[in-house]
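Just so it is clear, none of the values below were taken in a lab; they were calculated from the coordinates. Computed from a predicted structure; not experimentally measured. Here the Cβ positions follow ideal geometry from the backbone for every residue, glycine too, while neighbour counts run over all protein chains shown.
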Amino acid sequence: MSSHAPSGPTIDAWLITGIPGAGKTTAARLLAERLERAVIIEGDLLQGWIVSGNVWPGQEPAAESARQIHLNMRNQCLLAQSYAAAGFTPIIDYVIISQADLHEYRQRLPGLAVHLVVLHPGQGVVIARESAREKSQRHKQKHGLTIGEQFAHLEAPLVEQLTGTGLWIDNATLAPPATVDLILTHRQRARLD
């Protein structure tokens with residue numbers, strides 16, 4: 001006979017990833033709206049909280065950029081744990097491209113049922129989307145490249161490292177609500193053991 005008290009229902013935590021421009025933020029927001037109590041934790045917003053000394057992913061010096069990426073991931077997980085303890089489903093929106101980073105998330109989210117969704121419309125679609133978005137906003141990123149062009153190279157390690165892990169969705173032609181329908185329909189495939 002076990003002396004352990006029965007535990008409450010498991011709280012889900014969602015990791016929504018893909019290269020920049022894949023539709024993570026839109027899908028995360030729509031997913032949150034479909035759940036009873038949910039919160040979105042946007043890694044890019046957390047990075048923007050650094051007022052002095054901010055080194056964005058891909059910027060120099062590379063060692064400081066990497067350090068801040070891991071600081072960001074740690075803070076995302078601290079927020080996720082805090083919200084989960086209060087009964088909210090945390091949805092983390094961030095670029096995750098390696099098994100090592102995924103392992104770090106899983107280590108920092110103990111007690112939560114971690115789900116991974118990889119949005120993969122393909123880099124050509126991402127570049128076209130970001131070009132259209134930035135033309136409509138009339139601005140370009142550093143060096144005249146769109147965000148899609150700057151970060152399209154991340155597709156190769158994403159595919160190499162994470163294929164077969166979690167739920168992959170080709171959302172190149174899917175409307176965002178249809179993407180979320182697939183996420184919810186296939187939530188068991190998204191859950192990491």
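General observations
- Radius of gyration and maximum dimension Dmax of the stretch 39-78, Cα, Å: 9.9, 32
- ASP44 paired with GLN107, simple spin-label distance in nm, labels 7 Å along Cα-to-beta-carbon: 2.8
- With the gyration tensor restricted to C-alpha atoms of the stretch 13-81, the semi-axes of the equivalent ellipsoid amount to 25, 14, 10 Å, longest first.
- The amide H of HIS115, built 1.01 Å from its N in the peptide plane, has ALA13, TRP14, LEU15, LEU192 as neighbours under 5 Å, considering only residues 5 or more places off or on other chains.
- Where labels lie 7 Å past Cα in the beta-carbon direction, separation of ARG67 and GLU36 in nm: 4.4
- For THR89, the amide hydrogen comes within under 5 Å of the amide hydrogens of ARG37, ALA38, VAL39, counting only partners 5 or more places away or on other chains and with H modelled in the peptide plane.
- Here the Karplus relation 6.51 cos²θ - 1.76 cosθ + 1.60, evaluated at θ = phi - 60°, turns the backbone of the stretch 108-125 into coupling constants of 8, 10, x, x, 10, 7, 7, 10, 10, 10, 10, 8, 9, x, x, 5, x, 5 Hz, with x for every Gly and Pro.
- Distances between placed amide hydrogens fall under 5 Å for TRP168 paired with VAL118, all partners being 5 or more residues away or on another chain.
- In order along the stretch 170-187, the phi-based Karplus estimate (6.51 cos²θ - 1.76 cosθ + 1.60, θ = phi - 60°) of 3J(HN,Hα) comes to 7, 9, 4, 10, 8, 6, x, x, 5, 4, 5, 4, 5, 4, 6, 5, 10, 4 Hz; Gly and Pro are listed as x.
- Peptide packing for 166-174, 109-117 was compared via the average number of neighbouring C-beta atoms within 10 Å per residue; ordered from the highest value, the list is 109-117, 166-174.
- Packing around the peptides 10-21, 60-71, taken as the average count of other Cβ atoms within 10 Å per residue, puts them in this order, highest first: 10-21, 60-71.
- Qualifying chymotrypsin sites (Phe, Trp or Tyr not before Pro) in the stretch 32-139, DSSP loop, other Cβ atoms within 10 Å at most 11: TRP49
- Alpha-carbon centroids, the stretch 164-182 and the stretch 98-120: separation in whole Å: 18
- Take the Cα of SER98, step 7 Å toward its Cβ, do the same at THR163, and the gap between the two points is 2.0 nm.
- For peptides 38-47, 182-191, sequence by mean Cβ density within 10 Å, most packed first: 38-47, 182-191
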